[in-house]
């Protein structure tokens, strides 16, 4: 049996963290496409607001593709299909012709949970941290009480 080097172990750990990140992304939102994930992460990097045109530049997607994907990530996707509620879109106060996308509170919680698979101390703000911790406490309590997956015992 071959011995692995320290560098190989480090590489394996990093790859496992990446795999965990992708797995959690799939668990948190099974229907999210890779373009949507990339756009969501770009918005998270600039979580206070990012112009749609800047998202297109950062992701190398057409403005139409960005608009469709942001709609899927927001509350209102299409009349017959609700969005994921992770992003809010508003008008740029500096230039009313432009739209700005930012994380909704639900989006901040989603990104915090996702990023904590890679960096356990990840934080966006104290309100989001409190909400994430409350969800974790609820989940731990449900597990201790013997709740089954998908149902919390009352």
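Quick notes
- Distance between the 7 Å Cα→Cβ label points at residue 5 and residue 91: 6.0 nm.
- Relative exposure of 57, 6, 108, judged by other C-beta atoms within 10 Å (fewest first): 6, 57, 108
- With Cα atoms, 0 to 90° folded angle of helix 126-144 axis to the chain main axis: 40 degrees
- Neighbour-count ranking [beta-carbon atoms within 10 angstrom, fewest first] of 25, 73: 25, 73
- Percent of C-alpha pairs per 10 Å bin, region 11-144, short to long: 12, 39, 34, 12, 2, 0
- Helix 105-115 vs. the chain, principal-axis angle (Cα, 0 to 90°, nearest 10): 40 degrees
- Burial ordering of 60, 104, 72, fewest other beta-carbon atoms within 10 Å first: 60, 104, 72
- Whole-number percent relative contact order across the chain, with pairs defined as alpha carbons under 8 Å at least 6 apart: 18 percent
- Förster-model FRET efficiency, 41 Å R0, residue 122 and residue 80, C-beta, rounded to 0.05: 0.70
- Relative to the longest principal axis of the Cα atoms of the chain, the long axis of helix 6-28 lies at roughly 60 degrees.
A short reminder: the numbers here are calculations on the coordinates, not readings from a lab. It should be emphasised that the depicted structure is a prediction, and the values quoted were computed from it without experimental measurement. Quick reminder, even Gly has a Cβ in these numbers, built from the backbone with ideal geometry, and neighbours come from all protein chains shown.
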